[in-house]
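Below you'll find the structure, written out as structure tokens, and then a few comments.
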Amino acid sequence: MLITGGAGFIGSHLVDHHFAQGDSVVIIDNCSTGRSTNLDHHIHDPSKSDRIRFENCDLSDGLTTLDAEGMGFDRIYHLAAAVGVDLVLKDPIGSIRTNIMQTDRLLEYAMAHGAPPTFVASSSEVYGKPGVSVFSEEDDSIYGPTSITRWSYAHTKAIDEYLAMAYHAQHNLPVVIARFFNTVGPRQVGNYGMVLPRFVEAALGNMPLRVFGDGQQSRCFCDVRDVVRVLPQLLENNDAYGRVMNIGSDRSMTILELAQKVIDVLGSNSQIEMVDYADAYTSGFEDLRHRRPDLTRLRSIVDFEYAFTLEDTIADMATVIRDAKSNAGSMRGEGV
């Protein structure tokens with residue numbers, strides 16, 4: 001199978017899942033937001049050398065190489081994308097080009113190589129600001145003005161969905177689209193605006209946890225290991241083809257509650273610091289007060305329940321962050 005963005009946070013956990021099932025995987029990732037170290041436990045394992053291939057390059061270049069080899073796949077997962085609010089605000093041109101052009105290229109490749117079941121990752125950002133707190137797949141999408149860069153990401157992911165649906169309608173490509181809602185877990189980093197890894201890292205250093213706005217905005221957090229279990233089930237189910245699925249937790253909590261939970265779970269001495277959105281991002285930044293998925297459609301197709309609590313996720317993220325810092329210190333000759 002092919003996994004684009006396989007060195008990323010969600011992608012690398014999907015690789016883990018399929019290796020545990022005995023599958024062989026080809027990965028394309030330019031590591032612009034992903035990290036090759038997420039795959040080290042597979043790449044450097046001699047027993048897996050014949051089951052993994054990692055192309056560290058842009059998606060279009062990787063697909064050109066595979067195209068020249070006439071390589072096809074039984075399943076394709078498209079997770080490569082520009083992700084995170086910070087990245088979109090800093091490089092809107094690159095983010096727009098990445099999200100739209102790479103998806104079109106991937107879908108063309110799939111059609112040219114047997115039209116296998118194809119998964120396309122989307123985002124809850126597609127809903128925009130619809131004025132409801134629980135989002136269902138057929139809800140209208142309402143975006144802010146094009147003068148607000150923050151909404152460009154939502155537009156690009158919506159276009160990705162339009163492309164995938166069009167390939168299904170016109171060419172019968174068996175495609176499944178998933179809108180992820182705040183997927184969290186080990187290996188996630190806070191470099192691009194993700195809230196939970198920012199909080200965990202700050203708490204481990206007993207530094208202030210910076211909560212933007214009034215902290216009463218609510219979100220639902222789902223462990224990545226629960227998310228990746230359901231993706232193969234969707235690709236194997238005809239009822240999912242040509243459809244959009246919400247994937248995430250439907251248990252809400254405020255960001256202020258999340259910050260306090262991180263402090264409590266990790267036994268940190270950190271304080272909570274309230275930060276105005278204008279200081280955190282830019283003047284005129286818009287955020288949703290509430291974002292919760294309706295999982296009725298997903299649960300009508302597959303059995304989706306949670307194996308990991310938020311406390312589990314926070315503790316496991318902390319372990320990975322501590323280990324990474326310890327290893328970095330050892331490489332510098334510190335603490336030895």
State which residue is modelled with the lowest pLDDT when the search covers only segment 123-149 and only residues that are among the polar types (S, T, N, Q) and assigned to a helix (DSSP H, G or I). THR149
So which residues in segment 44-56 are of a type outside the set (Ser, Thr, Tyr) and either touching a residue at least 60 places away in the same chain (Cβ under 8 Å) or out of contact with any helix residue (DSSP H, G or I) (no Cβ under 8 Å at 6 or more places or on another chain) (or both)? HIS44, ASP45, PRO46, ASP50, ARG53
Would you be able to tell me the number of residues in segment 52-100 that are part of a strand (DSSP E or B) and among the hydroxyl-bearing types (Ser, Thr, Tyr)? 1
Quick one: what pairs do we get from segment 5-18, first residue on the phi > 0 side of the Ramachandran plot, second surrounded by fewer than 24 Cβ atoms within 10 Å (Cβ to Cβ) and assigned to a loop (DSSP other than H, G, I, E, B), C-beta under 9 Å, 6+ apart or different chains? GLY5/THR33
Can you tell me which condition VAL88 does not meet? The list is (1) among the hydrophobic types (A, V, I, L, M, F, W, C); (2) closer than 28 Å to ARG210 by Cα; (3) surrounded by fewer than 17 Cβ atoms within 10 Å (Cβ to Cβ), and all the others hold. (3)
For segment 143-171, name all the residues that are exposed (fewer than 13 other Cβ atoms within 10 Å of the Cβ) and in contact with a Phe, Trp or Tyr (Cβ under 9 Å, 6 or more places away or on another chain). PRO145
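For every residue, the table says whether it meets (1) more than 24 Å from ILE321 (Cα to Cα); (2) modelled with pLDDT of 95 or more; (3) polar (S, T, N, Q).
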position	(1), (2), (3)
ILE27	yes, yes, no
LEU39	no, yes, no
VAL83	no, no, no
ASP91	yes, no, no
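Residue-wise test of (1) surrounded by 15 or more Cβ atoms within 10 Å (Cβ to Cβ); (2) at pLDDT below 95; (3) within 26 Å of ILE159 (Cβ to Cβ).
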position: ILE301; (1), (2), (3): yes, no, yes
position: ALA307; (1), (2), (3): no, no, no
position: ALA318; (1), (2), (3): yes, no, no
position: ASP323; (1), (2), (3): no, yes, no
Looking at (1) under 27 Å from ALA324 (Cβ atoms); (2) surrounded by fewer than 22 Cβ atoms within 10 Å (Cβ to Cβ); (3) not aromatic (Phe, Trp, Tyr), which is the only condition ASN238 fails? (1)
Taking TYR277 and the conditions (1) under 19 Å from the mean Cα position of the chain (by Cα); (2) of a type in the set (Ser, Thr, Tyr); (3) at pLDDT below 95, which numbered condition does it fall short on, given that it satisfies the others? (1)
Would you check which residues across segment 301-319 are within 22 Å of ILE255 (Cβ to Cβ) and not hydroxyl-bearing (Ser, Thr, Tyr) and list them? PHE308, LEU310, GLU311, ASP312, ILE314, ALA315, ASP316, MET317, ALA318
Across segment 19-43, which residue is nearest to ASN56 (Cα to Cα) among those that are among the aliphatic types (A, V, I, L, M) and touching a residue at least 40 places away in the same chain (Cβ under 8 Å)? ILE28
Residue hits (segment 110-140; surrounded by 15 or more Cβ atoms within 10 Å (Cβ to Cβ), of a type in the set (Gly, Ala, Ser) and in contact with a strand residue (DSSP E or B) (Cβ under 7 Å, 6 or more places away or on another chain)) are ALA110, ALA121, SER122, SER123, SER124, GLY128
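The values are calculated or read from the model by the stated rules, or taken from the named source; none is laboratory data. Computed from a predicted structure; not experimentally measured. We place every Cβ from the backbone using ideal geometry, glycine too, and count neighbours over all the protein chains shown.
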